[in-house]
Amino acid sequence: MYRLSRLLIMFVLTYPCVQVWGEGVSDLRGALAKQGKYHISIAVKAVEQQTNVPITVVTGSEPGPTLLILAGIHGSEYAPILASQKFGRALSPSALTGSVIIVHVANLPAYLGRTVYTSPADGLNLNRLFPGDGQGSLSQRVAHLITSQLYPLADAVLDVHSGDGNEDLRPYWTGYYAQVGDADLVRRSEALAFAFGFQHVVPFQWKLTNVADAIWAGSAAIALGIPAIDVEAGGMGVIEDEAVAMLVEGFHRSLSNLGMISNQFDPPTNQRIIYARQSVKSPQDGSWVSLKAAGELVVAGELLGYVTDWHGKTVFEARAPSDGLLMLRLSAPPVLKGETLVVVAKTRSKR
């Protein structure tokens, strides 16, 4: 597939607002065709608004697969952004077969605006806008750029997230679409998910009846027939060194899995499947008081927290919908009607 991707470069990479910093190249096509490391900025313009998408391209001396790493789809998910930067700085072209495209901050307005979920530019959640719209709002155009300009070059996609700035996430996990695409696409995505090295893996059970249903970054890649996984590590708007280190190792494990580096990693042990995820949502706007931390085991009916009105009166109790692992909880008080307060799931051995 990577040979086809190389041919597509001639037709796809005609985006007019590209700046490349690197010796001997002037555009993305050159960055993917010549061994080296290149720092790229792609301008995205909408009506009276503009942003940039910072990218690092690392191209090895021999042809091979192209891995696309997406970070910063949500601006307050800091661990993936810092991990992508650390990985990009350290990755040597001489040790690489093929190319790695690293999108460091896909949603720069949200990053600079310190917002969760949505962009201050248009109030939209970038991870609900794929495949995007080249004539739409700023966030819609960023999604369109990723789908139309970057995905056609990729042989595999890592869509890297964390708990958002107001979310406590434990354990860290990878996920793949177990019900979308042909058996080969599912198999390759599953292999990526387990090879990344995290202990927990989620086989997503969602089905996509058409491409328009693929509104998430990862699902949009799957809809185009590209193996892709979601990665979740970190959260609460703080820098966790553990999360950054685990992500960087996962990137290297992904390269090894794709045959892009010579390094060999021991297979992860005691990996577990996360299934039967259930969420509890807030019935109204209010203030959330959490009584548990993500990663704790809970029992059905256990009180996990409660929502108050603006005067502090309890108006809703969030109780565990089943026995299981509390894998996500809202960590900050502000909550809107319909927002997820907690997610509880069951786990089982991979075997």
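The numbers here are math on the coordinates, done by the rules we state, and not lab data. If you're wondering where the values come from, they're calculated on a predicted model, not measured in any experiment. All Cβ positions, even for glycine, are placed from backbone atoms using ideal geometry, and neighbour counts span all protein chains on display.
Please list, or write none, the lysines whose alpha carbon is within less than 23 Å of the alpha carbon of residue 34, excluding same-chain residues fewer than 8 places away.
86
Which of (1) 22.4; (2) 17.7; (3) 15.8 is the computed mean projected area of the Cα convex hull in nm² for the structure on display?
Evaluating mean projected area of the Cα convex hull in nm² on these atoms matches (2).
Could you list 103, 186, 47 so that the one with the fewest beta carbons within 10 Å of its beta carbon is first and the one with the most is last?
Final ranking by Cβ density, sparse to dense: 47, 186, 103.
Helix-derived [θ] at 222 nm for the chain: sum -39500 (n - 2.57) over DSSP H runs of at least 4, divide by residue count, nearest 500?
Calculated from helices alone, the mean residue ellipticity at 222 nm is -7000 deg cm²/dmol.
Suppose every K and R has +1 on its Cβ and every D and E has -1 on its Cβ; what is the size of the dipole of the chain about the Cα centre, in Debye to the nearest 20?
The dipole magnitude comes to about 460 debye.
Taking the dipole about the Cα centre of the chain, with the C-beta of Lys and Arg at +1 and of Asp and Glu at -1, give me whichever of 183, 263, 208 is farthest to the positive side.
Towards the positive end, the residue furthest out is 183.
Can you return the aspartates and glutamates within cross-link range of residue 37? Criterion is Cα-Cα under 15 Å, with same-chain partners fewer than 8 residues away left out.
Cross-link targets: 23, 27, 62.
For residue 340 and residue 210 in the same chain, what is the full-extension length gain: residue separation times 0.36 nm, less their Cα-Cα distance, in nm?
In short, 44.2 nm is gained.
In the structure displayed, which of 207/350; 313/346; 45/337; 292/313 lie more than 27 Å apart, Cα to Cα?
In this structure, 313/346; 45/337 lie more than 27 Å apart at Cα.
Nearest 10 degrees, 0 to 90: what angle lies between the long axis of helix 183-195 and the longest principal axis of the chain (Cα atoms)?
Computed tilt is about 80 degrees.
Straight-line reach only, C-alpha to C-alpha below 12 angstrom: list the aspartates and glutamates that residue 281 could link to, leaving out same-chain residues fewer than 8 apart.
317, 339
If you stretched the chain out fully between residue 303 and residue 61, how much longer would it get, using 0.36 nm times the residue separation minus the C-alpha to C-alpha distance?
Here the answer is 81.4 nm.
Any chance you could tell me what percent of the C-alpha pair distances in the stretch 272-349 go past 17 Å?
39 percent
Pull out the extension gain between residue 184 and residue 310, defined as 0.36 nm times the separation in residues minus the alpha carbon to alpha carbon distance; nm, one decimal.
Gain on extension, residue 184 to residue 310, equals 40.1 nm.
Hull surface divided by four, with the convex hull built on the Cα atoms of the stretch 80-133: how many nm²?
Projected area, direction-averaged: 5.0 nm².
Taking a ≥ b ≥ c as the square roots of the Cα gyration tensor eigenvalues, with a/c under 1.5 meaning rounded and otherwise prolate when a/b beats b/c, else oblate, which class fits the stretch 107-251?
Because a/c hits 1.5 or more and a/b fails to exceed b/c, the stretch 107-251 counts as oblate.
For the stretch 182-210 and the stretch 72-87, what is the separation of their Cα centres, given in Å?
22 Å
Along the charge dipole of the chain, which of 288, 115, 104 sits closest to the positive end, that is, farthest toward it, with unit charges on the beta carbon of Lys, Arg, Asp and Glu (+1, +1, -1, -1)?
Towards the positive end, the residue furthest out is 104.
Counting other C-beta atoms within 10 Å, which of 167, 249 has the fewest, and how do the rest follow?
249, 167
Given springs between every Cα pair under 10 Å in a Gaussian network model of the chain, which of 106, 233, 320 has the largest fluctuation?
Its mean-square fluctuation being the largest, the pick is 320.
Which of 316, 273, 335 sits closest to the plus end of the dipole of the stretch 272-349, meaning its Cα is farthest towards the positive end, when Lys and Arg get +1 and Asp and Glu get -1 on the C-beta?
Projecting each Cα onto the dipole axis, the largest value belongs to 273.
Please identify which residues in the stretch 183-227 have an amide N closer than 19 Å to a label point set 7 Å out from the Cα of residue 276, following the Cα→Cβ vector.
What the label zone holds, given the 19 Å backbone N cut-off, is 200-206.
If neighbour count is taken as other Cβ atoms inside 10 Å, put 351, 114, 188, 277 in order from fewest to most.
351, 114, 277, 188
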